[in-house]
Amino acid sequence: MARSVHPAPKGIAIYELILLILLLAVIAFLTVPIYSRAVQTATQKCTLRDMVRWSNAISAYISDNNAPPSNPAGRLTFKKLFIEQLVPYLEVLRIKDWWGNSYFVYIGKTSNGYGIKPKSEYDYCLVSFAKEGIKENWVYDELLPSRGLYKVKTIKDFEKDLVIYNGRLIRGPE
């Protein structure tokens, strides 16, 4: 009885290679948007956490000194007296959000952006222009303050500003 010996195939066939490439493309197509959204969600949460730290520091400074910190009226930089005044109240000092854009802080009468009507020199507004770094045209509604909160449904929602006014999130995710 003679045995037929077939040599073992070497490598993979072209159709197997095409099938493998197609499978990898489908996996990439399905996972890249999920990964991108997860990265943006984490970035947004870290930015909001830092904004809450700034807000708590401003509130603590006002409570301790019975006066607001010096008015930075705009973009945060390391050269401002405002930073020196708040350093004792901050664990971490980040003047840029997690997208790499500067935070903006307004105190007293300068906190009137987004249609906000400040009532005292103690009012303050912290802003991150989010992913794109461009201020949106959203307007605060004092009668319905929760109108500025939104559900994150698409990647475009990460372009919406984040705004804390007097320690309260008035523009950001629910």
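The values are calculated or read from the model by the stated rules, or taken from the named source; none is laboratory data. Keep in mind the model is a prediction, meaning the values are calculated, not measured. Because the Cβ atoms are built from the backbone with ideal geometry, glycine has one as well, and the counts that use them run over all protein chains shown. Remember, those area values only see protein heavy atoms, side chains included, never the ligands or the DNA or RNA. Shrake-Rupley method; radii C 1.70, N 1.55, O 1.52, S 1.80 Å.
Results, tabulated for the structure shown:
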quantity: Lone qualifier among 35, 89, 15 - being among the hydroxyl-bearing types (Ser, Thr, Tyr) and open to solvent by less than 80 Å² (accessible area, probe 1.4 Å); calculated: 89
quantity: Residue 18 among the β-branched types (Val, Ile, Thr) and at pLDDT below 95; calculated: yes
quantity: Residues (touching a strand residue (DSSP E or B) at 6+ places or on another chain (Cβ under 6 Å) and either over 20 Å from residue 101 (Cβ atoms) or open to solvent by 70 Å² or more (accessible area, probe 1.4 Å) (or both)) located in region 41-68; calculated: 68
quantity: Residue in region 33-42 that is at pLDDT below 95, outside any helix (DSSP H, G or I) and not acidic (Asp, Glu) present; calculated: no
quantity: Identity of the residue in region 91-106, free of Cβ contacts under 8 Å to residues at least 40 places away in the same chain and over 19 Å from residue 122 (Cβ atoms), that ends up farthest from the chain's Cα centre (by Cα); calculated: 91
quantity: Region 115-132 residues that are free of Cβ contacts under 8 Å to residues at least 12 places away in the same chain, paired with ones that are open to solvent by less than 10 Å² (accessible area, probe 1.4 Å) (beta carbon under 7 Å, 6 or more apart); calculated: 118/108; 118/111
quantity: Yes/no for residue 135 being part of a loop (DSSP other than H, G, I, E, B), farther than 16 Å from residue 48 by Cβ and open to solvent by 20 Å² or more (accessible area, probe 1.4 Å); calculated: yes
quantity: Search result, residues across region 138-163 that are buried (at least 18 other Cβ atoms within 10 Å of the Cβ) and among the aliphatic types (A, V, I, L, M); calculated: 162, 163
quantity: Odd one out for residue 146, checked against (1) in a helix (DSSP H, G or I); (2) small (Gly, Ala, Ser); (3) in contact with a helix residue (DSSP H, G or I) (Cβ under 6 Å, 6 or more places away or on another chain); calculated: (3)
quantity: Verdict on residue 21 being assigned to a helix (DSSP H, G or I), more than 27 Å from residue 154 (Cα to Cα) and over 19 Å from the mean Cα position of the chain (by Cα); calculated: yes
quantity: Residue among 154, 110 that is of a type in the set (Ser, Thr, Tyr), over 18 Å from residue 174 (Cβ atoms) and free of Cβ contacts under 8 Å to residues at least 40 places away in the same chain; calculated: 110
quantity: Set 166, 71: member being open to solvent by 60 Å² or more (accessible area, probe 1.4 Å), more than 30 Å from residue 33 (Cα to Cα) and in contact with a Gly (Cβ under 7 Å, 6 or more places away or on another chain); calculated: 71
quantity: Residues satisfying the stated conditions in region 105-128, i.e. open to solvent by 30 Å² or more (accessible area, probe 1.4 Å) and touching a Lys or Arg at 6+ places or on another chain (Cβ under 8 Å); calculated: 121
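Per-residue answers, yes or no, for (1) modelled with pLDDT under 95; (2) touching a Ser or Thr at 6+ places or on another chain (Cβ under 7 Å); (3) assigned to a helix (DSSP H, G or I):
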position	(1), (2), (3)
84	yes, no, yes
106	yes, no, no
142	yes, no, no
170	no, no, no
